Amino acid sequence: MIGIGARLALLSLLPQSRLKFMGDASRFTIVCPCCEATLTVDADTGTLLSHEEKHKPLSSFEDMVKDLDKQKQTREQIFAQEMSSHKDRSRLLEEKFQEAKKKAEKDTKVYRNPLDMD
């Protein structure tokens with residue numbers, strides 16, 4: 001916990017537009033510069049009494065529908081890309097398998113399992 005002097009020093013750093021003292025001077029309100037939330041702090045202990053987030057305006061129904069349409073198009077594009085890559089992948093794997101099979105047929109060296117050498 002920080003002392004009263006440190007708390008007063010911190011309060012002096014805040015712009016006055018962000019700091020509002022309540023009527024009884026036992027608590028004060030701070031508006032966060034980042035998220036614009038309202039914080040109510042006890043002046044004696046320095047503890048946070050309440051926190052209220054800034055109310056975000058709701059977008060219109062048409063904007064929400066447009067966002068959903070954009071998300072749908074993005075999903076469909078990603079799905080199409082994955083399907084085409086899957087088709088190519090099976091063809092590439094088949095080619096690699098055939099090459100390995102030809103290489104194995106040309107190789108005449110006998111491979112033995114090291115566990116069978118007993």
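The values are calculated or read from the model by the stated rules, or taken from the named source; none is laboratory data. Please read these numbers as outputs of a predicted model, since none were measured by experiment. Neighbour counts run over all protein chains shown; Cβ positions are idealised from the backbone, glycine included.
Residues in the stretch 51-75 that are of a type in the set (S, T, N, Q) and in contact (Cβ under 8 Å) with a residue 12 or more places away in the chain: how many? Steps first, answer last, please.
Of all residues in the stretch 51-75, those of a type in the set (S, T, N, Q) come to 59-60, 71, 73-74.
Right, trim to in contact (Cβ under 8 Å) with a residue 12 or more places away in the chain and you get none.
So the count comes out to 0.
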Exercise for review: Select from the stretch 27-60 the residues that are at pLDDT below 80 and basic (Lys, Arg) and list them in ascending order.
Suggested key: 56
Exercise for review: Check off (1) at pLDDT 80 or above; (2) exposed (fewer than 10 other Cβ atoms within 10 Å of the Cβ) for residue 13 and give me the number that stays unchecked.
Suggested key: (1)
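Which ones in the stretch 55-64 are loosely packed, with under 10 Cβ neighbours inside 10 Å and of a type in the set (A, V, I, L, M)?
Taking the stretch 55-64 and keeping what is loosely packed, with under 10 Cβ neighbours inside 10 Å, we get 55-58, 60-62.
Passing the criteria: only 58.
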